[in-house]
Each structure stands twice: as C-alpha cells, then as structure tokens.
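**Q** What follows is a single structure, and I will ask about it in a moment.
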Amino acid sequence: MVFDIVTIFPRMIEAGLAEGVVGRARERGLIDVTVRNLRDFTADRHHVVDDVPFGGGPGMVMKPEPFFAAMAAVEGERGRPEAVVMLSPAGRRFTQADAARFAALGQVVLLCGRYEGVDERVRERWATDEVSIGDYVLSGGEVPALVIVDAVARLVPGVVGDEQSVEADSFVRGLLDYPHYTRPAEYAGKRVPDVLLSGHHAEIRRWRRQQALRRTWERRPDLLESAQLDDEEQAWLRAWTSAPATE
Ligand code: ADE
C-alpha cells in the first residue's frame, strides 16, 4: 500500500506515523508512505505557499502552483494516481467504506490544506475525492491525513497481527463494538458479566452480538438502517423498541 502525502508540515506527519501499528507496518515495508514538503515545490526564494483571497475576506488561500508541481512529481514517479484525496471540512464524510475502497486500490495521494482553504483549481484538476473526517474544523488536513492512513493501513493484510480483530472492529459489520473486560473479575466494586466467565463460547458470542446491537441502537441508531441483522438480532430490536428496558 503506497501513500503520498503533500503537506507544509512534514514533521507533523512523520511524528504521527512513527509509533504503533502504522509505525511497525512502515518498518516492515507493508506500507510505504512518502511525505512531500509543499515548500519544496515553490519557485520563489521565500518558498511562499499562500496568498490573499481574490474578492477579499479574512485569511489566506493556498496557492495552486506548488500543489500542481507536487502532483506532477507524484505522477512522474508513480503514474496517474487512482485516488487523490483533498482533506477539507467541506468534503464528504470519510467512512469505513472509503477506507476499504482506498485499501483495495493500493495507492492513495493525500493533499493537506491549511489556512482558509486551497485554491479551487487544485481540487478541480487533481482531486478524485474531497473528504472530511467529521463535523468540526481543524487547523489543517494533517491530522485528518493521519486518520486516513491509519484506517486504511489496518486493512492491509498483515498490518494488524490478528486478522480476526479487524473483522470484529466497530463499523466493519456496521455495528459498534461490544464491551471488553480483562482481569481482575471484580474491580472497583464492579463484576465482569458472568457469561464471560462461564466458558460457554456460544453464549458469549450471543451476548456480544446482543451488546453490540444494544449499544448501536442506543448511541448510533442511524447505523441500523444499513446494518445486516439476522433474525435473532431483529427480534431483539423489536423487543427493545416496544418495551425499552430501564437500566
Ligand atoms: N481540515 C480542517 N478540518 C477538517 C476536517 N474536519 N476534515 C478534513 N480536513 C479538515
């Protein structure tokens, strides 16, 4: 899996890639991340990447030329990229389905904006996708780019040690994850649910499915519209909807 990230803060990206699952995947060569400093693609002595907005208004706009030059370099090395993603709060919401799509492509270019925005011609010429990681405004696309690299890298075979753990993740099945417990069996006056100590694997699986569904129903009912539910899960939902338990 190959990532190219264009940014004015390459150290911020490198720091975010150094640790954990992504850091190890990079060391092992399972993912290849090239961080490109936008200022290296300026032609002036001061490496200026922004300018005042046409039409007036507050803040600065990132100039088109350095992005065009950076993309020409990426294309020269890799050929025409299939996915060029602009990070922006004005984009479509990034989801697990996008992560799966990018992972299947095997290559993605991420363009990080800063300041008030990026000259629109960059998006028009290069972007295949414009994505937001959520309904809040960050000071730039660097943290969102790290979010996307992490979500996509986890789907690359071998990156997460236990493939089953990726399949069990929240959202992969369209539901939130069930609650997890480890030792001790009693702590801070709270006992781990008996079923988890019972050794009955079928009962444990059933309890977890029920908990995942219950949490999704309580916290993210919007996810239930597209979740794939079996007969038993649908029956649980009907029971809760008609007589919500008072816990
Ligand atoms: N840049 C600033 N805010 C952002 C967001 N929420 N998602 C993606 N890119 C951004």
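The values are calculated or read from the model by the stated rules, or taken from the named source; none is laboratory data. All values derive from a computational prediction rather than experimental measurement. Positions of Cβ are backbone-derived with ideal geometry, glycine not excepted, and every protein chain shown enters the neighbour counts. In case anyone asks, the SASA skips ligands and DNA or RNA and just uses the protein heavy atoms, side chains included. Shrake-Rupley method; radii C 1.70, N 1.55, O 1.52, S 1.80 Å.
**Q** Quantify, in whole percent, the carbon and sulfur part of the accessible surface of the chain (1.4 Å probe; protein heavy atoms only). Spell out each step's value before the answer.
**A** Details: 7360 of 14410 Å².
Carbon and sulfur together cover 51 percent of it.
**Q** Shifting gears a bit: Taking the alpha-carbon centroid of each part, what is the distance from region 131-197 to region 25-74 in angstrom?
**A** 32 Å
**Q** Let me ask something additional. Mind checking the per residue accessible area of region 1-49 for me, 1.4 Å probe, whole number of Å²? Mind dumping the intermediate values first?
**A** Working: 2700 Å² over 49 residues.
Each residue of region 1-49 exposes 55 Å² on average to a 1.4 Å probe.
**Q** Another question, then. Using only the Cα atoms of region 94-161, construct the convex hull and provide its projected area averaged over every direction, in square nanometres to one decimal.
**A** Over every viewing direction, the Cα hull of region 94-161 projects on average to 5.1 nm².
**Q** Probe 1.4 Å, all protein chains in place: accessible area of GLU186 in Å², nearest 10?
**A** Approximately 110 Å² of GLU186 is accessible to the 1.4 Å probe.
**Q** Here is a further query. List the residues whose amide H sits under 5 Å from the amide H of ASP4, counting only those 5 or more places along or on another chain, with H placed 1.01 Å from N in the peptide plane.
**A** THR34, VAL108, VAL109, LEU110
**Q** Calculate how steeply helix 96-105 sits against the longest principal axis of the alpha-carbon atoms of the chain, using the helix alpha-carbon long axis, and give the answer as 0 to 90 degrees to the nearest 10.
**A** 60 degrees
**Q** Here's something else I'd like to know. Enumerate the calculated ³J(HN,Hα) couplings along region 61-72 in order (Karplus 6.51 cos²θ - 1.76 cosθ + 1.60, θ = phi - 60°), each rounded to whole Hz, writing x wherever the residue is Gly or Pro.
**A** Ordered by residue, 3J(HN,Hα) equals 10, 6, 5, x, 4, x, 5, 4, 5, 5, 5, 4 Hz.
**Q** Could you provide, to the nearest whole Å², the per residue accessible area of region 57-181 with probe 1.4 Å?
**A** So region 57-181 comes to 49 Å² accessible per residue, rounded to a whole number.
**Q** Sticking with this one: Per residue of the chain, what 222 nm ellipticity follows from adding -39500 (n - 2.57) for every DSSP H run with n ≥ 4, rounded to the nearest 500?
**A** -12000 deg cm²/dmol
**Q** What are the ³J(HN,Hα) couplings of region 20-29, residue after residue, when phi is run through the Karplus curve with 6.51, -1.76, 1.60 and θ = phi - 60°? Round to Hz, x for glycine and proline.
**A** Once rounded to whole Hz, the list reads x, 4, 5, x, 5, 4, 5, 4, 7, x.
**Q** In whole Hz, what ³J(HN,Hα) sequence does region 153-163 give by Karplus (6.51, -1.76, 1.60; θ = phi - 60°), x for Gly and Pro?
**A** Once θ is set to phi - 60°, the couplings for region 153-163 become 4, 4, 8, 7, x, x, 5, 8, x, 9, 4 Hz.
**Q** Of all DSSP beta bridges located in the chain, what percent are antiparallel, nearest 5? Please list the in-between numbers first.
**A** Numbers: 4 of 26 bridges.
If I count the DSSP bridges inside the chain, around 15 percent turn out antiparallel.
**Q** State the answer as a single residue: which of GLY55, ALA103, ILE8 lies farthest towards the positive end of the charge dipole of region 1-111, with beta carbon charges of +1 for Lys and Arg and -1 for Asp and Glu, about the Cα centre.
**A** Going by the charge dipole, the pick is ALA103.
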